[in-house]
Amino acid sequence: MTLRSKFLLLSFAVLFFVSFSWYRNLHQVRNNESLKPRKTDLQAKIDAMYHKLERLIPNVTFTHFNRTTSGKNSKIVLLNPRETYCVGDDLVVKVDMFDHLGNRKTYGGDFVRPRLFSQELGAAVSGIITDFNNGSYHVRFPLYWAGPVKVNILLFHPSEGVAALWRARHSSLGVIGFEGKFEKFGKEASSKCGFELPIVEGKEICDYKDSLYEEAYYCYKATNFTCESLREMRGYELQVSYLTPKEREMFQRPNIGVEIPTTFGDITVTRCKNITEAPKPKCETGMGSPLPSGYFYDNVWNPLYCDMTLYKTDEDFLKCLKGKKLFLIGDSTLRQFIMYFTEGIKIVNYFRYHGGGWSEWHKALEAINLEKDLYISYKRHGFPLEHPPFYYFKEDMYASRQIDQQAGGEDTILVITMGQHFRHFPVKVFIKRAFNIRRAVERLHIRSPDTKVIIKSENTREVYSPVEMQGDFHGYTQYLVLREVFQGVNVGFVDAWDMTVASATVVVHPPGYTFQSIMSMVFSFACS
């Protein structure tokens, strides 16, 4: 055999081996792909929503604190200033961002909170932001009232902080840990619980799955106890951070909620012409909620798309709720409702509960008024719940399951909220819960279309709240999810986020007129 023939034979053998290896690897990859469980419809929706949110997160990397956006060095200028501003027009300002060294920022993504207000008039409205992704923003404020107005725009987090918070939120299974208490014939034992648990040799894992909603949490089974004997739960701060020490400087209190200076003073808005406002329809479930969704005037909320009924006195609420069953499902921002009904205007009395205020705030509550045939209950939205002491949680059910158990009817009102206790975990946990609640509401309306369902978005909260656990940026992303998930559903959507931004409320349980307006919006939908 010639040298050329040997070379050709060797080349053919190598080619055959490479081709065979490629085919075998391809076949193996296809087999592995076929073995992977297919995504459920719910999982596909969760992933799509997550990726939609992720596209809003700036793709920037923290290098040094001085290179991050500085609220004090940035500035607000009037865009196309005019001599006269009229009710019905828009006031547009330009925000130019600079870093702590005075350099112009060249990209966007900062988390800012804009509002226009007249303190003397008890008037305020949030602004609509356009991010040009070059360090400049336009903020549009619709002008709804006459009088002097001030522009107030706060830089909550620079774009570098937004990117860091998003990364930190999805770097773990959360910054809250859970401990379950097992009880059996008077004996107790506790063990670690969570959304996921690593396999540990010698430890059995109890699997608490709800296959209908694709929800699950897990606990290490306590020795000599059964999984069914899990009775109590507590949630506690893990004292961990997924931010670097240098990144954490961005989230020190003086660097959060910094007011950006304006280059102009107060602006006077006048009624340049007689504007006849078309009458608005009464607030009804199924209405879409625009942005902004309304404004305050004389410390009363004025929704843009419907005519809100103001509920202030016991008679106002009794006229609405007489002969009704009201189910409040969510967190302590709805517990505030039942406290108001029992301890504030006192239209109902607690049943089998002798506490008051925020003591034992985690407990499910019931209240009744036999004369007016009125029943009110408050229940938690189910796992997860941040509450350091152990509490009895066997009565907890996911909000979707609580809805599925309702017969409904024209005498039934459901008010649902969630968010504050989900800020501690990757956002997909919240997205899943939101979709599950939507599906449960749709099932309820199939069997009982007269049932009134109101979704309340979460409130803004204290500026000093730890950003990785409870920060408002996490709340804002969840607010965006809730707005989108419940589009086109026959619910009343109460935009508490927009209301608390407009009123500059930084208390998770808003006081005074802000709370009164949230209540009025809820029951305008409930009793339309």
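The values are calculated or read from the model by the stated rules, or taken from the named source; none is laboratory data. Everything numeric here is computed off the predicted structure, so don't read it as measured data. All Cβ positions, even for glycine, are placed from backbone atoms using ideal geometry, and neighbour counts span all protein chains on display. Note: areas computed on protein heavy atoms with side chains; ligands, DNA, RNA excluded. Shrake-Rupley method; radii C 1.70, N 1.55, O 1.52, S 1.80 Å.
Residues 497, 358, sorted by accessible area with the largest first, give 358, 497 [1.4 Å probe; ligands and nucleic acids excluded]. Among the listed pairs 184/346; 346/394; 150/319; 75/280, those with a Cα-Cα distance over 31 Å are 184/346; 150/319; 75/280. The apolar share of the surface of segment 434-528, taken as the fraction of accessible area on carbon and sulfur atoms (1.4 Å probe, ligands and nucleic acids excluded), comes to 56 percent.
Distance distribution note for segment 324-468: the fraction of Cα pairs above 23 angstrom is 38%.
At the listed q of 0.12 Å⁻¹, the Debye profile of segment 387-528, built from one uniform point per Cα, gives log10 I(q)/I(0) equal to -0.52.
Mean projection of the Cα convex hull over all viewing directions, computed for segment 157-298: 18.3 nm². Loop sites here are trypsin sites (Lys or Arg not before Pro) outside DSSP states H, G, I, E and B with no more than 10 other Cβ atoms within 10 Å. The longest part of the chain free of them is 83-272.
Span-like helices, the chain: DSSP H, alpha-carbon axial extent 18 Å or more, mean Kyte-Doolittle 0.5 or greater, which ones? What comes out of the filter, once short or polar helices are dropped, is 512-526. Share of carbon and sulfur in the accessible area of segment 195-312 stands at 47%, probe radius 1.4 Å. Surface exposure of the chain, expressed per residue as accessible area with a 1.4 Å probe, stands at 48 Å². Once you have the Kirkwood Rh of segment 77-183 from its Cα pairs, apply Stokes-Einstein at 4 °C and 1.567 mPa s and quote D in µm²/s. D = 78 µm²/s.
Here, the chain has an Rg and a Dmax of 27.5, 110 Å when only alpha carbons are counted. Anisotropy class assigned to segment 169-211 is prolate, per the alpha carbon gyration tensor with a/c at or over the 1.5 cut-off and a/b larger than b/c.
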